[in-house]
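Take a look at the structure below.
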Amino acid sequence: MVCLEEIPAIAVLLKTAPASTVQLLHKIVNDEPYDKSSRKTLKKFAGFPQHYDLEARKEKILKEFTKTELITVCTMLGLNCTGSAKELNERIFKNLSDLTSLKNNFTEDLTDDEEIDSTPFSRESVCNSNKQLPTPQTGPLGTFNEVAELLPILSLFPPTEEIQHH
């Protein structure tokens with residue numbers, strides 16, 4: 001049985017992502033409050049129990065999460081981030097219910113000569129990456145084209161005013 005820590009890109013995110021991001025995934029799969037051991041618990045998550053009331057859980061999460069939060073979870077899981085909140089919610093639960101398929105989605109994205117970059121994100125690494133040309137593999141989130149698909153999300157944020165130099 002596959003668990004989240006067996007998917008390298010997700011394992012890296014569970015280790016390096018901010019607590020606020022990991023809490024979103026934790027809230028989807030667990031009713032218990034988030035604590036210091038929650039990351040370890042999430043790594044061991046192997047899907048929902050067989051007789052789990054998945055439909056009730058989907059409804060609860062759809063009511064409690066904003067679309068932006070659902071997009072964040074989709075991004076963590078390497079899923080398509082387009083669609084309505086209901087579609088995003090369905091996609092998340094479908095993939096968390098079948099971790100083998102989720103794992104296969106990640107491994108199919110890699111060719112024989114590519115490896116997942118397990119370097120944790122840091123302010124310095126992000127600043128340095130902005131100075132370099134994009135490479136085909138951008139790290140645990142996937143290829144440059146997959147990241148480019150996320151650009152429509154930027155429209156959710158208001159534009160900032162440009163500083164005028166006199």
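Points worth noting:
- Spin-label model, residue 105 to residue 86: label points 7 Å out along the Cα-to-beta-carbon direction sit 2.0 nm apart.
- Anisotropy class of segment 46-99 from Cα gyration tensor, a/c 1.5 cut: oblate
- Each peptide among 31-40, 17-26 gets the average number of other Cβ atoms lying within 10 Å of its residues, and from highest to lowest they stand as 17-26, 31-40.
- Partner lysines whose Cα lies under 23 Å from the Cα of residue 15, excluding those fewer than 8 positions away in the same chain, are identified as 27, 36, 40, 43, 44, 103.
- The modelled label-to-label distance for the pair residue 6/residue 19, using points 7 Å beyond Cα in the direction of Cβ, is 3.0 nm.
- Whether segment 1-92 is rounded, prolate or oblate, judged on the alpha carbon gyration tensor where a/c under 1.5 counts as rounded: rounded
- Under 19 Å from the residue 53 label point (7 Å along Cα→beta-carbon), backbone N, segment 13-32: 27-32
A short reminder: the numbers here are calculations on the coordinates, not readings from a lab. Note that the structure is a prediction, hence the values are computed from the model and not measured. Here Cβ is always computed from backbone atoms with ideal geometry, including for glycine, and neighbour counts include all displayed protein chains.
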